[in-house]
1. If you check B:R170, B:R142, B:R147, B:R179, which single one turns out to be without any contact (Cβ under 8 Å) to a residue 24 or more places away in the chain and not aliphatic (A, V, I, L, M)?
2. Does the range A:220-244 hold any residues that are touching a residue at least 24 places away in the same chain (Cβ under 8 Å), open to solvent by 40 Å² or more (accessible area, probe 1.4 Å) and assigned to a helix (DSSP H, G or I), and which are they?
3. Which condition does A:L120 not pass, out of (1) open to solvent by 30 Å² or more (accessible area, probe 1.4 Å); (2) touching a Gly at 6+ places or on another chain (Cβ under 8 Å), if it passes all the others?
4. Looking only at the range A:148-194, count how many residues are charged (D, E, K, R) and at the interface with chain B (Cβ under 10 Å from one of its Cβ atoms).
5. Mind checking which helices (runs of 4 or more DSSP H) fall wholly inside the range B:76-178 and carry at least 3 residues that are over 17 Å from the mean Cα position of the chain (by Cα)?
6. Does the range B:79-112 hold any residues that are more than 11 Å from chain A (Cβ to nearest Cβ) and charged (D, E, K, R), and which are they?
7. Determine which member of the set A:A224, A:A202 is under 25 Å from the mean Cα position of the chain (by Cα), within 14 Å of another protein chain (Cβ to nearest Cβ) and at negative phi.
8. Among the residues of the range B:37-54, is there at least one that is more than 10 Å from chain A (Cβ to nearest Cβ), closer than 17 Å to A:R184 by Cβ and open to solvent by 50 Å² or more (accessible area, probe 1.4 Å)?
Amino acid sequence: MTYPIPETDPVLVRDEVPSDKHVQPPALWRWLSQRDWRGFALPLAVLALWWAVTRFGLANTQVLAPPEAVLVEGLHQIFNGGFVWDLLASVSRDLAGFTLGGLAGFALGTLLGTSRLAELLVAPSFNAVKQIALFAWIPMISVWFGMGEPAKVVFIALAAFYPVAINTFEGIRSVNRDYAEVARVYGFGRLQLWRRVILPAASPQIFTGLHLALIYAWLATIGAEYFLKSGYGVGNSMIDGREHFNMGSVLFGLVVVGSIGALLNQFAVRLEHRALKWRNRAA
Amino acid sequence: MSTLSLNHVGKQYSVKGEQLDVLDDINLHIQPGEFVAIVGSSGCGKSTLLRLVIGLDDDYRGQIRIDGEKISGTSLDRGIVFQEHRLFPWLTVEQNVGLALENSPLSNDEKKRTIAGHLDLVGLKGFETAYPYQLSGGMSQRVAIARGLVNRPGVLLLDEPFGALDALTRANLQAELRRIWEQEGITMILVTHDVEEATFLADRIVVLQPRPGRIKRVVPVPLPHPRNRADPAFVAIKDDVLSEFGHAPRPQLIEPLPRPFGDYVFAW
């Protein structure tokens, strides 16, 4: 038996280093080889299984559309149908609701976090009301705001409101009082204390709240389109697909909803990473 | 440069409705540019004394005067270095030092220059843009010292600043502090439970006794600098101070003292 010496031979390794400097591999190749592709194994396997199951007649293609049908339906929707309008409608109402709910949640969380009186007066009711399941609000919202855009945005805002409010409150309340003492030593006024100490100290948790809100808001967007069916939206298009028994359209909708959700999540992760790099979470 | 005088300073906490004397009849006069160390066992009120002088606690008896004027609240003329460095993790080294200048009348240019100068003074040139998580304990405490000095206070208070550091780093920073004190001529009051540290740095050592915190003795340290820790005269003074702690106190459960949290009424 021989030992695999050539692979670990230090001379070989040393030889490779300088040559690497002169002949840089193409950027695309470096990008491809630096990524860990193992996460794609499972989706590809599922795709292959899906394809095989529909191709060899193991499933009813009326109920489970084959992958190629989903692709065709998707391309059709993108180039001939109202996909762009649906997507635009969904994303814009998502962002509108997120902004509205996020701002309101931040305001309430700040109020509860900075004022003992406000906490005593409001926090118990807030904790009780937040126990109401999100979708239980829909009947009331639809009566008050109708079935159109305002109702949907209000519902999405409600979904974004809770996580931001709770996390802002807890973030502010858990600011280390030692920091506030430092601020007093340097004669900070209330506004300085707020801007330079409390807000940054609470920011990791506020970001957590915003991140959750972004996810909940997208969830609520599809929910709102489902329960308050009027106008355009990715959710509406999926319901249409179901009503016309167009499983390609339903599955394409699923792919779109998942992709947008993943994109929003990625966006939040990166933003958080940039803004909170002082926390040294990556190292 | 300021003369600091404490006249009949006393401080009580009420714990579960009972009045507890933490400090009683403290009289101390500190000359401009003097280095005074306050030593005492845990719970003798030495940190409380610093909190009174820095102005974080206004609820006391007696008078604390700087140049004859009674202190009220905190002031940029009194700096402090805490035992934990208390740097803000979201600010870089230079931003942390700059924080102390937030309310200073200096122009932005002057601020930049004085921040750079003080980082140089504590030997941290080149680390301006590092974040606290990248610093060792000793480096963090150096930044805290720079932050304490950057306003050019008349008095710098040091609350066991090296207590959490390892022995080597501590000895190193003691020598640095000595150098900074000589260079800057600022009045310094160091609270410590390390008698050797006090003997190495101070012109006078104030020994506090606990329950209630009273001045037991004031020991002058008339040794030239730099001091040699193995010098018999040094050892004699150190042992003299240590002998004040000789009789072991009766074992007792510690009572955490309440920390009044002054003017800010936040929910915490």
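1. B:R179
2. A:F227, the sole residue that qualifies.
3. (2)
4. Counting residues in the range A:148-194 that are charged (D, E, K, R) and at the interface with chain B (Cβ under 10 Å from one of its Cβ atoms) gives 6.
5. B:93-99, B:108-121
6. B:E94, B:D109, B:E110, B:K111, B:K112
7. Only one candidate passes the filter, namely A:A202.
8. Within the range B:37-54 (the criterion being more than 10 Å from chain A (Cβ to nearest Cβ), closer than 17 Å to A:R184 by Cβ and open to solvent by 50 Å² or more (accessible area, probe 1.4 Å)), the answer is no, since none of the residues qualifies.
The values are calculated or read from the model by the stated rules, or taken from the named source; none is laboratory data. Since the model is a prediction, treat every value here as computed from it, not as a measurement. As a convention, Cβ positions derive from the backbone with ideal geometry for all residues, glycine included, and neighbour counts pool all protein chains shown. The area values use the complete protein model at the heavy-atom level, side chains included, leaving out ligands, DNA and RNA. Shrake-Rupley method; radii C 1.70, N 1.55, O 1.52, S 1.80 Å.
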